[in-house]
Amino acid sequence: MGTDVMIKPALRTAHITYAVRDIAVLAQEVAKTGREMLYLNIGDPNQFDFVTPPHIVAAIHEALKKNYNGYSPSSGIPEAVEAVRKSAGRKGIRNIQDIFITTGASEAIDICLSALVNRGENVLTPSPGYPLYTAILSRLEAVENPYFLDEDNHWQPSLSDIAAKIDEKTRAIVLINPNNPTGSNCSRELLEGLVKLARAHDLVIFADEIYDRLLLDGGQHISIASLDSDLPVITFNGLSKNYIGPGLRIGWGIISGDRERLKEYKEAVNKILRARLCANHPIQYAVKPALEGDQSHLQDMNVRLTQRRDITVEMLNSLPGISCVQPSGAFYAFPRLHIEEDDNLWVRDLIRETGVVVVPGSGFGQAPGTHHFRLVFLPPVEILEKAYRQIAGFMARRSVATTA
Ligand code: PLP
């Protein structure tokens with residue numbers, strides 16, 4: 001016989017939020033009213049005028065036709081692992097102890113954090129940063145230990161803040177480079193400072209480099225693992241952004257550093273990899289052609305993104321009440337709102353009144369007392385210009401309303 005006793009979810013889910021998708025619910029409601037929507041909220045290039053390169057799609061077709069639909073080895077098919085190894089070598093990553101292919105970089109991040117962090121231990125995460133880390137740490141009953149990126153220094157991580165926040169329970173530092181949501185790309189000097197801190201305190205570095213080929217202004221990306229071959233670093237990357245295929249759900253992790261120090265950790269990662277069987281098998285055949293085939297889409301993408309970034313920074317910085325640090329990588333900007341009210345409220349009103357969808361800065365973390373929003377400058381110029389004109393009108397109406 002049934003009862004009406006409520007099924008209580010585990011407490012570890014209580015603090016899991018994902019601002020990007022949460023805001024989409026409100027956007028859907030507004031869209032139902034018939035208003036024209038301008039979506040600047042989701043970092044998915046395929047929703048705009050970016051297409052997965054055809055040689056990558058062909059490799060997946062071929063694998064499906066060949067019936068490569070059984071399970072693969074838990075670490076991934078050898079040709080994909082080898083392609084990742086060579087690509088890591090080209091970025092100067094040495095002393096590689098292991099490489100594994102996963103269901104998006106997200107799964108690699110989840111597995112690598114799960115294999116390291118115990119309940120009550122903490123991990124330094126960038127603020128602002130990508131909310132997946134918060135969600136996983138919450139699930140592990142571990143503690144997020146946010147460190148600030150310095151808005152006055154092109155959103156570079158603040159080494160003094162990191163140093164001040166390391167304690168005896170700190171296990172790792174997450175570095176998102178280029179960063180989501182700020183689009184900043186770390187300098188060599190900064191990365192060297194981070195390496196020193198990690199060495200001094202025996203910390204692992206989780207280097208999320210999912211945007212490493214999306215560099216504007218011809219900038220250079222440095223993999224932090226390439227700066228110290230003994231330091232334990234786990235580097236994450238995948239097909240989602242650089243290869244315009246987030247729905248392909250293929251990513252990877254690269255463990256590099258001193259073999260002896262990493263022995264037990266590597267085995268722990270592999271236990272989890274085996275238990276979840278494997279990543280999507282046929283799609284893994286896209287990795288080698290992606291990393292070793294025609295790369296011309298990157299140049300094309302970076303030209304278009306630079307143009308869209310320039311319009312974004314120029315138009316937003318011309319608005320009273322908004323200032324925007326110029327992003328140098330990825331496809332995000334994190335403009336500051338010089339307002340008194342909560343950015344959540346500001347964004348919700350913006351969506352309702354204008355149909356422009358962005359994400360509140362509080363969903364990514366920000367310095368106390370500051371307010372921001374994140375936008376994606378993937379849409380074509382006409383859409384961006386329209387959206388920024390809407391934001392200008394919204395700001396003007398609001399300032400009249402508050403000063404009246
Ligand atoms: N890491 C960062 C910084 C991201 O911005 C994203 C997606 O937006 C991911 C990881 C997720 O990557 P994947 O699609 O490979 O799971």
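In this structure, ALA24 does satisfy being under 28 Å from LEU137 (Cβ atoms), surrounded by 14 or more Cβ atoms within 10 Å (Cβ to Cβ) and at pLDDT below 95. With respect to (1) closer than 21 Å to GLU79 by Cβ; (2) in contact with a Cys (Cβ under 9 Å, 6 or more places away or on another chain), the lone exception for THR312 is condition (1). Which of the residues that make up segment 49-93 are over 18 Å from LEU239 (Cβ atoms) and surrounded by fewer than 14 Cβ atoms within 10 Å (Cβ to Cβ)? Matches in segment 49-93: ASP49, LYS65, LYS66, ASN67, ASN69, GLY70, TYR71, GLY89, GLY92.
Within segment 202-224, the set of residues being farther than 16 Å from ILE109 by Cα and either within 14 Å of the ligand (Cβ to nearest atom) or among the small types (Gly, Ala, Ser) (or both) comprises ASP212, ARG213, LEU214, GLY218, GLY219, HIS221, SER223. Is it the case that segment 136-146 has a residue that's buried (at least 18 other Cβ atoms within 10 Å of the Cβ) and within 22 Å of ALA333 (Cα to Cα)? The answer is yes, given that some residue of segment 136-146 is buried (at least 18 other Cβ atoms within 10 Å of the Cβ) and within 22 Å of ALA333 (Cα to Cα). Meeting the requirement of 2 or more residues that are over 24 Å from CYS278 (Cβ atoms), under 13 Å from the mean Cα position of the chain (by Cα) and of a type in the set (S, T, N, Q), no strands (runs of 3 or more DSSP E) wholly within segment 162-256 can be named. When LEU26 is tested against (1) within 16 Å of the ligand (Cβ to nearest atom); (2) within 22 Å of ARG374 (Cα to Cα); (3) hydrophobic (A, V, I, L, M, F, W, C), only condition (1) is not met. One residue alone among ALA290, ALA275, ALA268 is closer than 19 Å to ALA59 by Cα and of a type in the set (Gly, Ala, Ser), and that residue is ALA290. Being crowded, with 19+ Cβ neighbours inside 10 Å and within 19 Å of the chain's Cα centre (by Cα) is the requirement here; does ALA333 meet it? In short, yes.
Within segment 19-49, the residues that satisfy the criterion of being within 24 Å of GLY129 (Cα to Cα) and assigned to a loop (DSSP other than H, G, I, E, B) are LEU40, ASN41, ILE42, GLY43, ASP44, PHE48. The listed residues are ILE16, ILE93, and the only one of them that is of a type outside the set (Asp, Glu), more than 16 Å from the ligand (Cβ to nearest atom) and in a loop (DSSP other than H, G, I, E, B) turns out to be ILE93.
Here GLY129 meets each of (1) more than 29 Å from SER296 (Cβ to Cβ); (2) of a type outside the set (Ser, Thr, Tyr); (3) part of a helix (DSSP H, G or I) with one exception, condition (3). Looking at SER240, SER229, just one residue is surrounded by fewer than 24 Cβ atoms within 10 Å (Cβ to Cβ), at pLDDT 95 or above, closer than 30 Å to VAL303 by Cβ and in contact with a Gly (Cβ under 8 Å, 6 or more places away or on another chain), and that residue is SER240. Name the single residue, out of those in segment 243-260 being within 16 Å of the ligand (Cβ to nearest atom) and farther than 13 Å from GLU209 by Cβ, that is surrounded by the most Cβ atoms within 10 Å (Cβ to Cβ). If we take residues in segment 243-260 being within 16 Å of the ligand (Cβ to nearest atom) and farther than 13 Å from GLU209 by Cβ, then ILE250 is surrounded by the most Cβ atoms within 10 Å (Cβ to Cβ).
Table: residues versus (1) more than 19 Å from ILE210 (Cα to Cα); (2) under 17 Å from the mean Cα position of the chain (by Cα); (3) away from the ligand (no atom under 11 Å from the Cβ).
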{"site": "VAL81", "(1), (2), (3)": "no, no, yes"}
{"site": "VAL84", "(1), (2), (3)": "no, no, yes"}
{"site": "PHE100", "(1), (2), (3)": "no, no, yes"}
{"site": "GLY104", "(1), (2), (3)": "no, yes, no"}
{"site": "ILE111", "(1), (2), (3)": "no, yes, yes"}
{"site": "ARG119", "(1), (2), (3)": "yes, no, yes"}
{"site": "LEU124", "(1), (2), (3)": "no, yes, yes"}
{"site": "GLY129", "(1), (2), (3)": "no, yes, no"}
{"site": "ARG139", "(1), (2), (3)": "yes, no, yes"}
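Within segment 261-271, not a single residue is within 16 Å of the ligand (Cβ to nearest atom) and either surrounded by fewer than 22 Cβ atoms within 10 Å (Cβ to Cβ) or among the small types (Gly, Ala, Ser) (or both). Comparison of ALA396, ALA392 shows that the only residue that is in contact (Cβ under 8 Å) with a residue 24 or more places away in the chain and either surrounded by fewer than 21 Cβ atoms within 10 Å (Cβ to Cβ) or touching a Ser or Thr at 6+ places or on another chain (Cβ under 6 Å) (or both) is ALA392.
The values are calculated or read from the model by the stated rules, or taken from the named source; none is laboratory data. Everything quoted here is computed from the prediction, not taken from an experiment. Heads up, the Cβs are rebuilt from the backbone with ideal geometry, glycines too, and the neighbour counts pull from every protein chain shown.
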